[in-house]
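Structure, as structure tokens:
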Amino acid sequence: KVYNNLGNHDESLKNLNASMAIWRQIDNPQNTASVPNSTAPSPSGPSQATAASRTTTNLNGEAGTLDNLGRAYSDMGQGLEALKDYDQAIALFRQAGERNGEALVLNDMGPAYAELGQKQKSLEVYNQAIQIWHETGNRQGEALTLNDMGRLYRDLGLQQTAMDYYNQ
């Protein structure tokens, strides 16, 4: 994340892909299925053999890494690549039953959709995130998403609507 914030996206992707390979190795310590040995930005999904034996911790770690990859791509203006990683992250968080992780990824998808000109889809994923944050009682998560929704409305030129979200 630090490399990404510094604008060194290549180094960020390299480290995130290394992290992904480690999570997949942890999921498959006997190497019964191959672990991708690639620096390709969008890693392929894990095999069914390893998915069945994963622990919740490993699922959450892999999902978090995929979410970070999505953020890196989104920051680089590659919304479609970001959404591919976000979709994988959501699936893993759902498999682990990690609702707050799911909400965080939905929130992170908002800017990627907005960047692709899909403002309505952006609002849809934000609303899904808000619902989950509310269900789990995560007020900080709700505040994060409300702020991001305010930013989207501000960017659309709807200042009063933006202020309404900021004030919430």
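Laboratory data are not the source of any read-out in this text; all were calculated from the coordinates shown. Note that this is a predicted model, so its numbers are computed, not measured. Here the Cβ positions follow ideal geometry from the backbone for every residue, glycine too, while neighbour counts run over all protein chains shown.
Overview of values
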{"quantity": "Segment 96-140 versus segment 147-168: alpha-carbon centroid distance in Å", "calculated": "16 Å"}
{"quantity": "Whole-Hz ³J(HN,Hα) from phi, Karplus 6.51 cos²θ - 1.76 cosθ + 1.60, for segment 127-132, glycine and proline x", "calculated": "5, 5, 5, 4, 4, 5"}
{"quantity": "P(r) tail fraction, segment 95-150 - alpha-carbon pairs more than 19 Å apart, %", "calculated": "21 percent"}
{"quantity": "Qualifying trypsin sites (Lys or Arg not before Pro) in segment 136-168, DSSP loop, other Cβ atoms within 10 Å at most 15", "calculated": "none"}
{"quantity": "Spread of Cα-to-Cα distances over 5 Å intervals beginning at zero, given as percent, for segment 118-164", "calculated": "6, 24, 28, 23, 14, 5, 0"}
{"quantity": "Normalised alpha carbon radius of gyration of segment 52-168 [divisor 2.2 N^0.38 Å]", "calculated": "1.06"}
{"quantity": "Using θ = phi - 60° and Karplus 6.51 cos²θ - 1.76 cosθ + 1.60, couplings along segment 67-84 (whole Hz; Gly, Pro as x)", "calculated": "4, 5, 4, x, 4, 4, 5, 4, 4, 8, x, 10, x, 5, 5, 4, 5, 4"}
